[in-house]
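The values are calculated or read from the model by the stated rules, or taken from the named source; none is laboratory data. Keep in mind it's a predicted model, so treat the numbers as computed, not measured. Ideal geometry is used to build each Cβ from the backbone, glycine not excepted, and the neighbour counts take in all protein chains shown.
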């Protein structure tokens, strides 16, 4: 990452201390730690119950430039609830697109309250936005000029029924057909959280590409929260203003079966409350008592169900279809039935790409901007799905004393070997996971220490570091000891 001067080191230290203070403040603010630790949790409780943040980051709860008052008003760990901000955008400034038969502007109208709809001039587009972001934009001279010209009209805020989820910038209302993910001019972990045009277009591509895949039959319980529409406005140069961008994300919880839907990061986060165990360990200990079976056996069975409901569909899409979803812990929403994995929702379509297999299956298509060559696919896909997510599950189960870590690694290896025989397609990623001496892990510490904005980094590969592959080591260890791998 290069040499660092005293200012950079000081900034890093202050941000780490800020994150620690923010975590402490949110813990002091909660009266539900026992419930968060024992569950069961609703989707909203799990999203707003991620209090420790990114387990692989030195400052997971840094959130510049939020003030303490703004944090309490807008951050999920403080159980914030507020209304959407709404603009009316004149046709010359309006931007947007949709992959559905309905325009993005018309889809957004499904969220616009009746009392604000009466203020929408004919021909104008209604643009929803995070209220904090709207406040930042209304301070800009160019936006103020457009308001004076009547090209942007401030409609106001809707009722306070929207909750920020664990990502801060994705908003959820239980009865709304869409979630709203927007740009946020704040630095959260490694990035300034502004959407880009190429990112919002990925959602439209993915929505179109997946229609023909019969995912529900191939992978029962799995679904993608599609993002088929984006909206925003044009800036003074006629380009889409990244700070204005929002996407509409399917609210698959609306009308879904009565199962728990818990973001994986909350399920595995560091113990916070009385008893000091993860939510996952608490649920499994309760399950063990109900079943009357040995705890390691129940833990292994749970992990097997996790592998089938999470790894199988994600590897299946990559191997057979060439569609790659970067499933880190905050993008995996587990569907649980009495604590048991029965499916998952994947979210965040900006973290999607395609491999060579996709181009082979669609030779009529020009390679999209998120076409990833083999080396890139190995790096990102395996880091997010295995290291960030699956290894975190193994660590949580082992650290809480439920089952031996080496046993789970052997189970994971066996599951991946089984997928090789089930899938027909590009097996490179599976083979790399099973046999490579090293995988690649994102260097969040050095990225944050250097002050790099990951979202705009020209060569993100430079952030990644080699990590000994425990799956490859598992085979050698098992053979040495004479036990099945």
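Annotations for the structure displayed:
- The listed residues are 211, 202, and the only one of them that is assigned to a helix (DSSP H, G or I) and free of Cβ contacts under 8 Å to residues at least 40 places away in the same chain turns out to be 211.
- Scanning the range 83-113 for residues that are closer than 15 Å to residue 176 by Cα and in a loop (DSSP other than H, G, I, E, B) returns 83, 84, 110, 111, 112, 113.
- Filter pass, residue 330 being crowded, with 17+ Cβ neighbours inside 10 Å, in a loop (DSSP other than H, G, I, E, B) and over 22 Å from the mean Cα position of the chain (by Cα): no
- Long-range neighbours under 9 Å by Cβ, at least six apart or interchain, first residue at positive phi and touching a residue at least 12 places away in the same chain (Cβ under 8 Å) within the range 83-106, second in a loop (DSSP other than H, G, I, E, B) and crowded, with 22+ Cβ neighbours inside 10 Å: none
- Some residue of the range 183-191 being over 30 Å from residue 106 (Cα atoms) and part of a helix (DSSP H, G or I): no
- Residue within the range 60-69 that is under 18 Å from residue 24 (Cβ atoms), touching a residue at least 12 places away in the same chain (Cβ under 8 Å) and surrounded by fewer than 18 Cβ atoms within 10 Å (Cβ to Cβ) present: yes
- Residue among 365, 359 that is surrounded by fewer than 22 Cβ atoms within 10 Å (Cβ to Cβ), assigned to a loop (DSSP other than H, G, I, E, B) and on the phi < 0 side of the Ramachandran plot: 365
- Condition met for residue 136 (surrounded by fewer than 19 Cβ atoms within 10 Å (Cβ to Cβ) and not in a strand (DSSP E or B)): yes
- In the range 28-41 there is no residue that is under 25 Å from residue 186 (Cα atoms), crowded, with 18+ Cβ neighbours inside 10 Å and in contact with a strand residue (DSSP E or B) (Cβ under 8 Å, 6 or more places away or on another chain).
- Residue within the range 82-102 that is in contact with a strand residue (DSSP E or B) (Cβ under 7 Å, 6 or more places away or on another chain), surrounded by 19 or more Cβ atoms within 10 Å (Cβ to Cβ), over 30 Å from residue 118 (Cα atoms) and at pLDDT 90 or above present: no
- Of the residues in the range 276-291, at least one is over 26 Å from residue 222 (Cβ atoms) and part of a loop (DSSP other than H, G, I, E, B).
- Residue 386 being within 20 Å of the chain's Cα centre (by Cα) and modelled with pLDDT of 95 or more: yes
- Residue 388, sole failed condition from (1) buried (at least 20 other Cβ atoms within 10 Å of the Cβ); (2) in contact with a helix residue (DSSP H, G or I) (Cβ under 9 Å, 6 or more places away or on another chain); (3) assigned to a helix (DSSP H, G or I): (2)
- Residues in the range 402-441 that are in a loop (DSSP other than H, G, I, E, B) and surrounded by 14 or more Cβ atoms within 10 Å (Cβ to Cβ): 402, 403, 404, 423, 425, 426, 427, 436.
- Residue, surrounded by the most Cβ atoms within 10 Å (Cβ to Cβ), within the range 248-304, restricted to residues that are under 17 Å from residue 332 (Cα atoms) and over 22 Å from the mean Cα position of the chain (by Cα): 302
- Any hit, the range 156-165, residues being within 15 Å of residue 63 (Cβ to Cβ) and free of Cβ contacts under 8 Å to residues at least 40 places away in the same chain: no
- Subset of the range 214-232 [touching a helix residue (DSSP H, G or I) at 6+ places or on another chain (Cβ under 6 Å) and either more than 29 Å from residue 62 (Cα to Cα) or part of a loop (DSSP other than H, G, I, E, B) (or both)]: 219, 221, 222, 226, 227, 228, 229
- Qualifying residue in the range 334-344 (condition: closer than 22 Å to residue 436 by Cβ, assigned to a strand (DSSP E or B) and either in contact with a strand residue (DSSP E or B) (Cβ under 6 Å, 6 or more places away or on another chain) or at pLDDT below 95 (or both)): no
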